[in-house]
Every structure is written in C-alpha cells, then in structure tokens.
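Enquirer: What follows is a single structure, and I will ask about it in a moment.
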C-alpha cells in the first residue's frame, strides 16, 4: 500500500503569459521520499517548485499539504533584507519551538562559511545563496524544497550537504544541474518536459536510459502520426465530398493529428547548437609557471598564502581542471597563469600565438542594461562574426535556444541559465585557442552541459576550467590542480575521481626533485608498459579493426536506403506489410551500426594505448 501523500499537486496547470509551463500535472511526495525535478532551462521547474511551496497560485488544479506539515523552501533567487544581519536572517528559519537554539544557526554558518555578523546587503551573490541555504537547513520541516542548492558551494560542502539530505526523514524535492549530487540524494526522478510531468521511481543515475527510451518512443509516434496524416489527407482528397458531417469530423481529427505532430517536431528540432570559433593553433607550450607564489595581507596584518612554490607546464591541447574549497584561491591561480596578476615570486611564460577567451563567473563581460542584440553586435548592425563566418544575430541566438522576441530584451530580464548561455554565445563567436571557464556550469541545464562537454571535447585548443561539478570535471579534463589552502597546490593526472583516489593514497603535496608525486607517477606510467595487457592487438582484434570501417560504411548506406524508402508517403498505403518489414530492418541496422562503431572505438583506443606504451599495434 502506497504511503499517504505529505504534499501533492493534482491536475495542476501553470502558464506564463501564453506559454503553458505545466498542464494537468500531478506529483506526489510522501514522508521519506527523496526526489529530484529535472528539465530544460525555461521549462518551468522553478515555477512549479514555487507553486508546490505555496509561494504562487496555480492557474488550475489543487495543491495539498498534510495538515500541520511544515515546508522549508530555498528559492533560486532568495529575498535578502539588506540591513538584516546574516545570523538574524538564518535564525528566522528556526521553528518557534527552537527559537532559542542559536547554536544550530552558528553551526550552519560555520559549515557554509558565512560570517553571521555581516549585513545581507554586503554579501556577494554566492554568499547570499549560502546564507539562504543555511536558513532553510535549520528549519525543522516535514517538506524540503531546494532550487539549485549546490550553486556557489565548494566540493567539501556539497559532500557535507549530501550527507545532511540523506539523513533527512521528511519529503525532499531538489532541482540541480549537478549530476553527481542528484545521483547521491535522489530515489525518485520527476521530469518536466514540454508541460508534461513524467515520474520514474528510480534515482537520477537511470535518467539517461529513461530519456533515450522516451525519445525512441516519441520517434515511433512521430512516424505513426505522419503516416496517419497522409491517410487522412488521402481520404479527404479522394473520398465522397457529399458526406459533409463526416468530412468535418475528419477535418477536425486531421487538425488534431497535425498539432500533435507539430509538438513532437518541436521537441525534435529545439536543440541547442553550440560551436566554437577556433583561431590558428598556439605553440606547443601554452603556459609555463616556475615556482610561483602569491599572498595577500589581511586587515590584521597577517599574510594569506594562496599559492606557494607551484610549477606547471601546460601544453597545447591540455585540459586542466582547478578545484579546491571556496577561498582557497582558484580564481587567483587562473589570474596568475593568464598573467592578469603578477606573482610575488617565480615566473609565468606564455607560448606563441595565444588567443584566449575568458568565461567569468560574475558575468562582468555582460552589461545588464543592453539587449541581447546589442550584446552580440556592440558596433551596431544585424550580423555577428562567428570566426570568419557572418551570421544574422537572430539566427545565431536561436542556436543558443533564444527566441526572436528575446533579441530585443535587456540582459537583466534573463534567467541565470539564459545569462550563461548568452555569455557562451558571445565568447564562442570569438576565435580562440585557449578557453578559460570559471564556474561555467552554474544554472545550466543537463542538455546544455552535455553539449558543452561535447564541444570542449572537439576543441583543438587548450582548456583551463574552474568547477565544483564532479561529473563535468570527469568528462572534460585530463589533469586536476588541487588547491588545499595555505598555499598548497598539487597536480594529478586524470579527472576528479582519479585525483580523489590518488589523494587518498598520498601523504600530502610534497615535491620530489621539483615535481609533484602525481607528475612523477604520470611520467613513470608513461615509461612503463601496461602490466597484465598484451603488447599488441590479438589477431581477431586486428582483423576487426581492419574490417569494421567497411562494415560501418555498408550499414550507413543501408540505413540511408531504408530511410529514403520509408520517406515515400505512399509506401505504407501500397504495402503495409513491407513497410513494417523495412521499419524492423532499419531498427536492426541502426543497432548493428551502433555496436560496430562502439567496437571500432574501443579497438582504436586500445591500439593508441599500446602505441603510447611503446608496444606494437
């Protein structure tokens, strides 16, 4: 028997102007259930969460909250009274029965690294969000609703928050772009997609598989609708026109079918299209830092050491991630490496032909009063140069999922995710061979993150990335620079997960002969042949590697032939049986192609690995 609902939306409809965000949505959470809510930027997730929190009214439907239940809600943009102190603001989240338990406030502020004596009006955006999160967490609530709680949190704090939420025994619903965080805290996944709510009683780790199955089903429905429309059009054209009433009914049904098909087509074509304008390649060595150090003098006269005796050589094509607690100096290190800031000692040298672009987490490159059009065309006109290609500004904006109507809107009217997309659009139009990204993932939806990962993977230049997103780091970088605090900096090969396992196996960032342990280990690993692996491909592996390209070409040609055959609108009418046979053959060919391409990629990576280790392919 299902547990009784603690909070529920039933047949809920929400609209923003003419745009329907949610239609006939029903979602239920019971005590002990931990759920995440996912969907594209602008799909209405935050609005729906506000409705669930009781902050706004539904346009239709009902909201139910179990009598006596308490709700705590963290909005994406919390209201912060500027004259109130942080401690008093956070204490306002305590229930009346615990109003004198100020120790809970102090503990939350210490853990989230916010000074309780400061006034809210003096805080940065990130500090303000942490204060709002502290206020939410001290509440003794039954329902916890969190909108992007990991934004502006460092990795240790995110991991602490994961532990707190796992221990929470009420009903939890969280919106986040942080995949690793969602995998840890969720047991149920809600997906808001084009106004429709879907529910999966599994955690976010299974979302990609679920989304692929849903997309495949929509593809099948799209083709079925197309065939039905063709049949209806044929009937209306060649049927008996005297049957007026029946004709009108079939006309209405045809219109309904066309509307359904249009919705599916919108879903298929409304895809983000990120591209990066690349400049001429840089020299082999991009940045070389030798024994650099940097510190700042505090108000009390003591010295805050940010970097101490750090050396690194960044080569063309390297992808370097920088991680560490808030305040450890990640942005300062980036500024040192890009020569925006002079080190107190040591030197930084840049290679030749360097053309960098810089994504600033504070978005200082965007004027909030200018329109999107003016932002991309500061000199006037209606075209933007993307590398050496001229593009109409509206066409270019559409590739970043902005509508034509938004082109004349001011930047300050955009959501956080839209603002980040605009900054990416502005930066990626500029030719570069070095990309510096400082916290680019904040407020971006999953689809945008996936495409950004893909674009960065295809980028021929060099990448410097500051991020707290573990999944994004694992999929993007080839080495990680860890800032431990007090000037200690160490570099590890691999992604975030690799650095974590290596750090657990080392005593600290001791340097040996001018190199870190990680550098020694990486050099040793390159020099040694892989243990337990053959020094060359087996006969079967080599044969597969030789034959697979031709097999892939044959499958691609077969798929094109079947798709062309099935695109004939009269094919189904002439022979429904053969149409179904062709459909099954197409499915089998696509599966075979996917399998062949995966096998070829595995073998090619294996061959390159053997060659790199000094073996024979």
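Enquirer: Would you call residue 72 within 20 Å of residue 179 (Cα to Cα), part of a strand (DSSP E or B), in the same structural domain as residue 144 (by TED's automatic domain parsing) and in contact (Cβ under 8 Å) with a residue 40 or more places away in the chain?
Expert: no
Enquirer: How many of the residues in the stretch 383-395 are in contact with a helix residue (DSSP H, G or I) (Cβ under 8 Å, 6 or more places away or on another chain) and modelled with pLDDT under 90? Break it down into steps so the answer makes sense when it comes.
Expert: First pass over the stretch 383-395, keeping only residues in contact with a helix residue (DSSP H, G or I) (Cβ under 8 Å, 6 or more places away or on another chain): 383-384, 386, 393-394.
Filter again for modelled with pLDDT under 90, leaving 386.
Going through the stretch 383-395 one residue at a time, the tally reaches 1.
Enquirer: Here is a further query. Which residues, counting only those in the stretch 188-218, are surrounded by 15 or more Cβ atoms within 10 Å (Cβ to Cβ), in contact with a strand residue (DSSP E or B) (Cβ under 6 Å, 6 or more places away or on another chain) and in a loop (DSSP other than H, G, I, E, B)?
Expert: The answer is 195, and nothing else.
Enquirer: Would you pick out the residues in the stretch 369-386 that are closer than 22 Å to residue 436 by Cα and surrounded by fewer than 16 Cβ atoms within 10 Å (Cβ to Cβ)?
Expert: 385
Enquirer: Can you name the residue in the stretch 467-512 that is assigned to a loop (DSSP other than H, G, I, E, B), touching a helix residue (DSSP H, G or I) at 6+ places or on another chain (Cβ under 8 Å) and surrounded by fewer than 18 Cβ atoms within 10 Å (Cβ to Cβ) and is also modelled with the lowest pLDDT among such residues?
Expert: Here the residue is 510.
Enquirer: Still on this structure, please answer the following. Can you pull out the strands (runs of 3 or more DSSP E) entirely within the stretch 288-362 that have at least 1 residues that are touching a helix residue (DSSP H, G or I) at 6+ places or on another chain (Cβ under 8 Å) and more than 24 Å from residue 470 (Cα to Cα)? Before the answer, list the steps.
Expert: On the way: elements: 303-315, 319-323, 345-350, 356-359.
In the stretch 288-362, the matching strands (runs of 3 or more DSSP E) lie at 345-350.
Enquirer: Going through 48, 65, 14 one at a time, which residue ends up being in contact (Cβ under 8 Å) with a residue 60 or more places away in the chain, surrounded by 16 or more Cβ atoms within 10 Å (Cβ to Cβ) and within 26 Å of the chain's Cα centre (by Cα)?
Expert: Within the list 48, 65, 14, the selection yields 48.
Enquirer: Has the stretch 443-452 got at least one residue that is buried (at least 22 other Cβ atoms within 10 Å of the Cβ), outside the structural domain of residue 126 (by TED's automatic domain parsing) and more than 12 Å from the chain's Cα centre (by Cα)?
Expert: no
Enquirer: Restricting attention to the stretch 81-104, does a residue exist that is within 28 Å of residue 192 (Cα to Cα) and surrounded by fewer than 22 Cβ atoms within 10 Å (Cβ to Cβ)?
Expert: Checked the stretch 81-104: no residue is within 28 Å of residue 192 (Cα to Cα) and surrounded by fewer than 22 Cβ atoms within 10 Å (Cβ to Cβ).
Enquirer: Being exposed (fewer than 13 other Cβ atoms within 10 Å of the Cβ), at negative phi and more than 24 Å from the chain's Cα centre (by Cα), is that true of even one residue in the stretch 301-324?
Expert: yes
Enquirer: Got a sec? Which of 140, 127 is modelled with pLDDT under 90, over 20 Å from the mean Cα position of the chain (by Cα) and closer than 20 Å to residue 30 by Cα? It would help to see each step written out before you state the result.
Expert: Details: 127 fails: closer than 20 Å to residue 30 by Cα.
The conditions single out 140.
Enquirer: Return the only residue of 540, 587 being surrounded by 12 or more Cβ atoms within 10 Å (Cβ to Cβ) and assigned to a helix (DSSP H, G or I).
Expert: 587
Enquirer: Then there's this: Find the residue count for the stretch 325-364, including only residues that are loosely packed, with under 14 Cβ neighbours inside 10 Å, at negative phi and within 25 Å of the chain's Cα centre (by Cα).
Expert: 2
Enquirer: Does the stretch 555-568 contain at least one residue that is at pLDDT below 80 and either within 30 Å of residue 499 (Cβ to Cβ) or in a helix (DSSP H, G or I) (or both)?
Expert: From the stretch 555-568, those at pLDDT below 80 are 566-568; that's our starting set.
With the extra rule that they be either within 30 Å of residue 499 (Cβ to Cβ) or in a helix (DSSP H, G or I) (or both), the set shrinks to 566.
Yes: the stretch 555-568 contains one or more residues that are at pLDDT below 80 and either within 30 Å of residue 499 (Cβ to Cβ) or in a helix (DSSP H, G or I) (or both).
The values are calculated or read from the model by the stated rules, or taken from the named source; none is laboratory data. This is a predicted model, so every value here is computed, not measured. All Cβ positions, glycine included, derive from the backbone under ideal geometry; neighbour counts span all protein chains shown.
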